[in-house]
1. Separation between the LYS296 and ALA272 pseudo-spin-labels, each 7 Å from Cα along Cα→Cβ, expressed in nm?
2. By how many nm would the segment from ARG46 to ASP360 grow when fully extended, if each residue of separation counts as 0.36 nm and the alpha-carbon distance is taken off?
3. State, to one decimal in nm², a quarter of the convex hull surface area for the C-alpha atoms of the stretch 13-63, i.e. the direction-averaged projected area.
4. Using the Cα atoms of the stretch 1-139 to build a convex hull, what is its mean projected area in square nanometres?
5. Simple spin-label model, 7 Å along Cα-to-Cβ: VAL323 to THR373 in nm?
6. Between ASP469 and GLN112, with labels modelled 7 Å along Cα→Cβ, what's the label distance in nm to one decimal, could you check?
7. List, in order, the whole-Hz ³J(HN,Hα) value for each residue of the stretch 28-37 obtained from phi through the Karplus relation with A = 6.51, B = -1.76, C = 1.60 and θ = phi - 60°; use x for Gly and Pro.
Amino acid sequence: MSTPDTGSGARMTATEALMWSVERDPVLRSSFTNVTILEHGPDVARLRGRIERSLADIPRLQQRVHVPFGPLPTPEWVDDPDFDLDYHLRHMALPLPGSERQLLDLAALMAQDAFDLARPLWQFTVVEGLEGGRAALLAKLHHTVTDGVGGLRMSMSFIDLEPGPDGAAGPEDTAVTGGGTTRGAAPGAGNRGAERSPGDGEGGEADGGPGRLVAELARQLGRVPHAIGDAAELLAHPLDVGRDVATQAVETARSFARQAVITDGSRSPLWAGRRSVGRHFEAMRFELEPLKRAAKALGGTVNDAYVTGVTGGAGAYHRAKGVSPPELRMSMPISTRSDRSAAGNSFVPARVLVPTDVEDPLERFAVVHERLTAVKQERALGLANAFAGVLTGLPAPLLARVARQQVETVDFAASNLRGSPADLFVAGARVVANHPMGPTAGTAFNATVLSYRDSLDMGLVVDTAAVDDPELLRRCIALGLADMAGQAG
């Protein structure tokens, strides 16, 4: 994959343009925030100097979005002639007593504010006055600027490996890998995805099914590779061509229907239809090693164990509320980043049904492992950017309607980022914890975890209209992950 174009006038990718366009519906905003807890207050002047020097290497930080005139315009990045670093880097203090609850409430309030579209889409806030002499750095970025992996790499431009001024980290210090989850290496996170569908073996009907819908979009807009339209037609008439070609095309079309054109709703009777712009933040920390041992013993990955724990917590939350849906639909981003860039987005969205009525963690792990492995092989994931191009060609009101309909098929989002195994510093202050607060993007909650040293730091972002007891959800997820870690033996 080529390095994203970050020069002035660079066009957004189809995926980025889609994220930008759907924000006509404020529920679908895709900004994310990282809450970095520091041992003490950083040297703000030193931090400002580091960010200022990084602007040449990350031009996206000085660019705003411009939407050209004309039919089907693609948003592009242009240099902001009035760029003011002091607008984007802020400094404040919490009132007494300076609790973490106060900090998280402040971060959630700031996250709900829409960006000024006449300026670059990022904001860093140094917050002092946290109890125990600590401080925090709140890093808020719009998802069109970068994804989770890119955000992690971007943060390395102002992160140090030592407390002194000569301990700067660099891109070579970030060991980022792709695969089943999005991963990175420093403060700054957030990734969003979509999900997978039921009816694995069913595909679309000959009349009015998802295959016909995709084909019709392709004919109207001419923005999808011929393979998608051909596969959609084959779904309705699979015997019109040779068996081998037909089989592959039908599988592609069915995969596309499972991932991109889901027709049933979300599975939670508690959360369905309840969405708002209100957000509540929770932060948790878990030991990494027990989850690693449990995952290895069960023949899976840390991400499998993590999703199993979160799924168990979501199920326990429902049972505590008197209902027990057998499954929920989860969205998960899958990283496709193969370059070393910081700006831009390189992920594909995936959706997967996860079991919530399986209380035994071993049984639940087996099902989750099987389904996550299967979803990574979905043929439709390779067509995600092309389909995003189709959607961005729709009239704005129709696009908002289609986007809302698809996100309403998802119950919650989860993501997993790999961070630094060693201490990190921000302008002389040691990083104590990193809590990535990913975008809900129309789901009931987003649970994103970032590894740091020997721990997993979770950020839990809740839509306040959907989840009426965020603290209960936090406790249920914590117990779910504790049950999973207990399988380490």
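1. Spacing of the two 7 Å Cα→Cβ label points: 4.3 nm.
2. Going from the current span to full extension adds 108.0 nm.
3. 5.5 nm²
4. Details: hull surface 40.2 nm².
Orientation-averaged projected area of the Cα hull: 10.1 nm².
5. 3.3 nm
6. Spacing of the two 7 Å Cα→Cβ label points: 2.2 nm.
7. 9, 4, 10, 6, 10, 10, 10, 9, 9, 8
Laboratory data are not the source of any read-out in this text; all were calculated from the coordinates shown. This is a predicted model, so every value here is computed, not measured. As a convention, Cβ positions derive from the backbone with ideal geometry for all residues, glycine included, and neighbour counts pool all protein chains shown.
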